[in-house]
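Here is the structure we will look at.
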């Protein structure tokens, strides 16, 4: 009597499912590599201002929003350029978490003091939700054995600001810029520090960039 092929088909199907589940998927890039097409979130590029790229959802009017919620910042590191290269250095978990908190607090302060948006903690129909993203971050080796010390010059990185509706989470805008940071301090020495007061001071220009980007959205006509 011939054996039924169904058990083998079931086993083959299970193996296929397991193989698919175990295949590592590349991390989603926050900035589209092709800027001449709409992003997967339904955003379309508008005229570039000051070298950064602006993507908007067609029909959105930022004059309809007066308040803003600020999410935690995200940080991701540059990948090795080839398999032969050593993996990039990353901050330890505690330092990275503190860096993100410091960025969040500095940005929130900048928004409260200088932005036309009111910073709030609760979503609403007139509130947007924003998140800053430091992407392709390159961290140098500390000059000493102190792991808390890291370079505030991050070579090149991409600064990204995502804007969503606070209630529906619908993507409304994205702004991105490739930034090259100087590694030289005022006295010509490399700026490595473990003092968070120095970190907060050094991050002020970054937060001003983000605040200006957000305020700039109100000046753009609806598409």
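The values are calculated or read from the model by the stated rules, or taken from the named source; none is laboratory data. Just so it is clear, the structure is predicted and the values come from calculations on it, not from any experiment. A quick note on method: Cβ atoms are made from the backbone with ideal geometry, for glycine too, and the neighbour counts reach across all protein chains shown.
Details
- Residue list for the stretch 166-217, restricted to those being surrounded by 15 or more Cβ atoms within 10 Å (Cβ to Cβ), part of a loop (DSSP other than H, G, I, E, B) and at pLDDT 85 or above: 166
- Residue check, residue 139 surrounded by 14 or more Cβ atoms within 10 Å (Cβ to Cβ), touching a strand residue (DSSP E or B) at 6+ places or on another chain (Cβ under 7 Å) and modelled with pLDDT of 90 or more: no
- Filter result (touching a helix residue (DSSP H, G or I) at 6+ places or on another chain (Cβ under 6 Å), surrounded by fewer than 19 Cβ atoms within 10 Å (Cβ to Cβ) and assigned to a strand (DSSP E or B)) within the stretch 113-135: 119
- Among the numbered conditions (1) at pLDDT below 90; (2) within 20 Å of residue 203 (Cα to Cα); (3) not in a helix (DSSP H, G or I), the only one that residue 162 does not meet is (1).
- Filter result for residue 93 (at pLDDT 70 or above, farther than 27 Å from residue 215 by Cβ and surrounded by 10 or more Cβ atoms within 10 Å (Cβ to Cβ)): no
Every residue, every condition in (1) assigned to a loop (DSSP other than H, G, I, E, B); (2) over 15 Å from residue 129 (Cα atoms); (3) within 17 Å of the chain's Cα centre (by Cα), yes or no:
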{"site": "55", "(1), (2), (3)": "no, yes, yes"}
{"site": "58", "(1), (2), (3)": "yes, yes, no"}
{"site": "72", "(1), (2), (3)": "yes, no, yes"}
{"site": "87", "(1), (2), (3)": "yes, yes, no"}
{"site": "108", "(1), (2), (3)": "no, no, yes"}
{"site": "111", "(1), (2), (3)": "no, no, no"}
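- Selection status of residue 64, out of contact with any strand residue (DSSP E or B) (no Cβ under 9 Å at 6 or more places or on another chain), surrounded by fewer than 18 Cβ atoms within 10 Å (Cβ to Cβ) and modelled with pLDDT of 90 or more: yes
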